[in-house]
Every structure is written in structure tokens, then in C-alpha cells.
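The values are calculated or read from the model by the stated rules, or taken from the named source; none is laboratory data. Bear in mind that the values here come from a model prediction, so they are computed numbers and not experimental data. Note that we place each Cβ from the backbone using ideal geometry, even for glycine, and neighbour counts take in every protein chain shown. These accessible areas exclude ligands, DNA and RNA; they are computed on the full protein's heavy atoms, side chains included. Shrake-Rupley method; radii C 1.70, N 1.55, O 1.52, S 1.80 Å.
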Amino acid sequence: SSPHLVQVRERIRINGQPISKDLFNKYFWLVYNRLEETKDPAHSSMPAYFRFLTIMAFHVFLQEKVDLAVVEVGIGGTYDCTNIVRAPVVCGVSSLGIDHTSILGDTMEKIAWQKGGIFKPGVPAFTVVQPERPLEVLRERAQERKCSLYLCPELDDFEEGCQALELGLAGAHQRSNAALALQLARTWLQRRGCQGLGELKEVPPSSELLGRPVPLAPAFRLTDAMIQGLRDTEWLGRTQVLSHGPVTWYLDGAHTTSSIQACVRWFRQAALSQDKPHDGSEMRVLLFNATGDRDTAALLKLLVPCHFDYAVFCPNFTEVSLANNADQQNFNVTLENALTRCLENQQTWTRLLEEKVGQDPWLPSPPRVGGLLQPTPARGSLLLVSPAPRPLNSPALVFPCLAQALRWVAQGRDPHLAAPMASGAHPHPAASSGAVLLREAAAVHVLVTGSLHLVGGALRLLVPALSQ
């Protein structure tokens, strides 16, 4: 799976657990040295990062003799390096979203074409409810590749006659993921000769898939192991809640418009379900960053209705110095570029709030504060200077790294985080006034979203055990 959140070993798991450091080290050098010995002298470069890890993952699974390998595609499908398995047991396509447009195309139809590239002749494939045109593209791809494509029934259909299924992952969108997982698991179990798991109706070879609805796969009676599997599923960084005293962190790696919409629904429901403080105020803080070619303004606009008291922007770097954090270093992005994007995000948020105030009588006017957060260079931080010709009028702050951002939000009230630096380090008026409010609030709800790498960096600091 990809990307990893804290350690690269998370990408290659056996029985749900990341492989050990010893095993990773053993197989890394075995694969690296073998490639080094056999490479073409005329093309001497090694495989790129993701491709190397994919080769290594397949080697690990073969050497460790796993019964079943579940392989998540990296980007797209058709041209992804994971797409070398000629005869998988089954293929699945989850809910489509607009992402990686520079590689996959800028429409859902183009993206659906890329995703359908994993279909294989004679191998059943499943998808979930999709918009009409992208579903037609998937259907056409299935026809081209002589693959039987089925639509997953809703999870409700599995609950008929039994109690509601409990999912380990929160959020309504996880129900379609669960329905897809059930169909993929059923196909594997059926291949292994298990009985009583709802037979599929084969599509006659002569029938045209084009112009016909994708046939619906049958629901079936779930085994006790399936019910327990859905209930016990954990996946860090997706609709994850960490309660650290008065500070509650809501972590979700959403980074597309559809996933941010799902994240907002989950956050509003999860935050509302918390007991309201009887003896004090409640603060809501957004911690956001986005990477790549994503339309940040579109993502931020979806987050405005959450009514955050403060918005905090920072790069995905855990610390300004990355010497001790090699697994989370991105050599393709400079700190300067990342900070420039954060400043642009801050301006976008300010503009969106100002537009919202004009439309929404229930929203208070944002407090007037001058300038940007400017950590003093004497303390080793970078001076952040606004490209805007006038001061921004928004309770929005930019920090040069995640550690500083999290410490400011927590104000020493999260036992896993050190207290922020002494006053004077952050001369921004909103930073000092906000610090007082955050220290005095009875409850602080913090949504961390926009990037899986941002969430991974936050997890590294908030759950130190994940780095072991």
C-alpha cells in the first residue's frame, strides 16, 4: 500500500503488521544488490523509489510464501508499476475522485479509463456506485479486456435479517469500501472452495456490456469472520480520533474534493458527538496542507462550513531540520516552495472567509490582525513574509514545520507534545491572543487534513510509539 505515514515499512505488511526492520533491511539489500549486478550498463539508473519498493514487495511476498497478496495500485492503474500481475484472483475499483490530474487526466472519464487498466481477461472485477459516465467508461474497459465487471450491492443489503454491521473505520463513505471488500474476499474464498457465499451470475459472452447496466453482484450471508473483520479493521490516518486530554485530534488524509466532503461530514458528526464542556469554551482548529497539483482553493472552500476558530498552515516537514526523519523526507520539494504554498493557502482561506461573511449572517466578522506569523530568525526559524500588498484579515497562521504548528495548537496541554517556545518567538498578534484562548478552552477540536503526508507527520509526533 502507499503512501506510508510514519515509516516506510508500513507499505509492506504480512498478516496486517509492517515487516520488521531486520526483514526490511535483509530484502532491501538483497533486491538492491541483485538489480545492481544485473542492470544494463547502457541504462545504469536504478528503479525509482516507488518502483523499487513495488519490486521489493513482490519479492518479500514470494520469499515469505504468503497465501494471498493484496496490492494497492499507486497512481492510476493502466501504467502503474503494480499492474504487472497477469492473472490476479480478482480486481476492485473503489469510488473515483479527481486526483493526480497531470498524470491521469482532468476528467472523471479519463481517470476511469486509467483505473480500468487493471482489468484482466477472465478475471472478475467489482466496483461501487459511480457517476453515470465514469461507470460507462469502466464498463467499456471491461468489455475491451474481456473482463466480467459487477456492481457491489449496498452494505444495507447484507444487513437484511441481521443487526447493523459495525465498521472499525468511521465515516459513511467507508460503507461502500466495506461492500467492495466483502465482494473481493468472497471471490477469493470461493476460489479456495468455500461454500454458501452467494454465486455470481456470469455475463454471457455474447451479450454487449455497452449500453447495459453493470450487473449487480449478489449480497450473501456473511461469515462470523467477515463481521469481525469489518468491526476490527484499523487504518491509521483515515477518520482517526486521538483524545489527548482536553485536545482531541481528528486525523484524515483526505486530499480530493470528494474525500474532503466525506471528511467534513465525518468531522462535524464526530465533533458534535463529543460531550459539550459545561465550564468553559470550545475551540475548533484546522491544520491543513496540500501537495502536488491539487486545487487547494476548492478543498479549502469545502472546509469553511466547519466554523473553525483558527486555521493553521504548515509544510509536511515534521521539523525544520529533517536530519532525524529520513522516512518522511521528500527530496522533490524544497522548504521554500512548501512555505510559499502555505502562504498562498493562508491568503485563500482569508479570501474565502471574507466572502463567507458577506453571505452568512451567522458568521462573525474575522478579527482584524496585522501581518503574518513571523518566527524570529534568531531562534532558527524562517521569516515568513506575505506576498500580499496588505495585511491579511483572518485568524490564519503559517508555521515553518509541523512540530511548531502542533505545539502552538496544543499549548502544552497534550502530554505527547512539548510546550511552545516562550512568548516573543511568535510576535503575530493572532498567535499570542489565540494561545491564550487555546490554553483556557475546556475543549480543543483539531482537524488535520489535506495530505496523507501531513497526517503521517502529525502521527509521528502525537503517537511516538509508531516510530519504534
* **Sequence-distant residues sharing a close amide H with Val398 (under 5 Å, placed H)** => Phe313, Leu373
* Structure fact -> Expected sort for 88-94, 137-143 on mean C-beta neighbours within 10 Å, highest first, is 137-143, 88-94
* Asked: Which whole-Hz ³J(HN,Hα) couplings does the stretch 292-305 yield from phi under the Karplus relation 6.51 cos²θ - 1.76 cosθ + 1.60, θ = phi - 60°, glycine and proline marked x?
  -> x, 9, 6, 7, 4, 4, 5, 5, 5, 4, 6, 8, 4, x
* Protection proxy ranking of 44-50, 431-437 - average other beta-carbon atoms within 10 Å, highest first -> 431-437, 44-50
* To do: Among the listed pairs Lys301/Lys356; Lys65/Lys146; Lys115/Lys146; Lys115/Lys301, give every one whose C-alpha distance is greater than 21 Å.
  => Lys65/Lys146; Lys115/Lys301
* Run the accessible area of the stretch 1-69 with a 1.4 Å probe and give the carbon-and-sulfur part as a rounded percent. => 53 percent
* **Under 5 Å, built H, 5+ apart or other chain: amide partners of Thr318** => Leu402
* To do: Please report the Cα spread of the stretch 2-85 along all three principal axes, rounded to whole Å, starting with the longest.
  => 40, 32, 27
* Asked: Where nothing but the Cβ of Lys and Arg (+1) and of Asp and Glu (-1) is charged, how large is the charge dipole of the stretch 85-232 around its Cα centre, in debye to the nearest 20?
  -> 660 debye
